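Taken together, the values in this text are just the output of simple stated rules run on the coordinates, not laboratory data. It should be emphasised that the depicted structure is a prediction, and the values quoted were computed from it without experimental measurement. Glycine gets a Cβ as well: all are built from the backbone with ideal geometry, and neighbour counts include every protein chain shown.
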Amino acid sequence: MPADAGMAADLIRSRAAARPPRVAIVLGSGLGPVADAVEAPTVIPYADLPGFPAPGVDGHRGRLLLGRLGGASVAVMQGRAHYYESGRADGMAAAMRTLAEVGCRILLLTNAAGSLRPEMPAGSLMLISDHINFSGRNPLIGCDEDDRFVDLVDAYDPALREIMLAAASGLNLPLREGVYAWFSGPSFETPAEVRAAGILGADAVGMSTVPEAILARQRRLRVVALSTIVNLAAGLAPAPLSHRQTIDVAGAAADNVRRLLIAFLERLDHDG
Ligand code: HPA
């Protein structure tokens, strides 16, 4: 293990000695307020965690919160690395390794995404059932560990998806499953790219999540991922796309995301 991951893990262990985190959560653009719901948080800036990403994008804070949410012991990443910030797809590798190392068993990813389905407009939530990697990149390129040949069948854990769907239904919150297509960004897609993605089976497009899901599966974390739809994708949207809109619409939906995450966590078995 690189020294980095070991040092970050030691720091997290020392701060969360009484209750090691079991569920890691990555908060996407505009979802910072979900972090406010974490009870008795211990806050660690990424700057203190070797290998964790430097915060870069508006709407992303760079800090890790350790605490409780929905009865679960959680480690919440407020901010993530995006491929488009650095040209490196493995910007979340150390974080995923560290969170697995300190005892997380589940990774709950959130993001903001553009919808290909007019019946799933801005403000909707989508549970990711599978992904398509349109970036041509993979976070495990260059990794020389034996476990780099990661199986991605059921990468988005079927049992956890059932729990998420049940939690949404319990809240009367519409939640449909769909396929997320990863584009590198930071420009938005062209209408032709969006049409192509739709023909190939995508329901939503976005610029994150897939690298973390791949890295997490390498570490045997069970993954569940939720998209907040913040716009109809290029060519379907009535107005030009912008990052401002992503932050505003995701912020407006943050309360629904918070309620759903808590209901999901409450339904997990908290033993161990
Ligand atoms: N495309 C890619 N990423 C996004 C979008 C989009 O339309 N909306 C929010 N993130």
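Placing a pseudo-label 7 Å from each Cα along the Cα-to-Cβ vector at LEU165 and ALA196 gives an inter-label distance of 3.2 nm.
Remark: C-alpha extents of segment 33-138 on the principal axes read 41, 33, 27 Å, sorted largest to smallest. Its relative contact order, with pairs defined as Cα atoms under 8 Å and 6+ residues apart, puts the chain at 26 percent. Computed extension length for ALA17-ASP151: 45.0 nm, one decimal, from 0.36 nm per residue of separation with the Cα-Cα distance subtracted. With loop membership from DSSP and a limit of 12 other Cβ atoms within 10 Å, the longest segment of the chain without GluC sites (Glu not before Pro) is 146-272.
Under 5 Å between amide hydrogens, built in the peptide plane, is the criterion, and for LEU232 it picks out SER115, ALA122 among residues at least 5 positions away or on other chains. Given their separation in residues at 0.36 nm each and the Cα-Cα distance between them, ALA54 and GLU177 gain 41.1 nm when the chain is fully extended. Cα centroids of segment 219-249 and segment 125-196: 12 Å apart. In angstrom, the C-alpha Rg and Dmax of the chain are 17.2, 52. With R₀ fixed at 35 Å, the C-beta to C-beta distance from GLU119 to ARG61 puts the FRET efficiency at about 0.60.
Here the simple spin-label model places points 7 Å from the Cα toward Cβ, and for ILE141 and HIS270 these points are separated by 4.3 nm. Less than 5 angstrom separates the built amide H of ARG63 from those of TYR46, GLN78, all sequence-distant by 5 or more or on a different chain.
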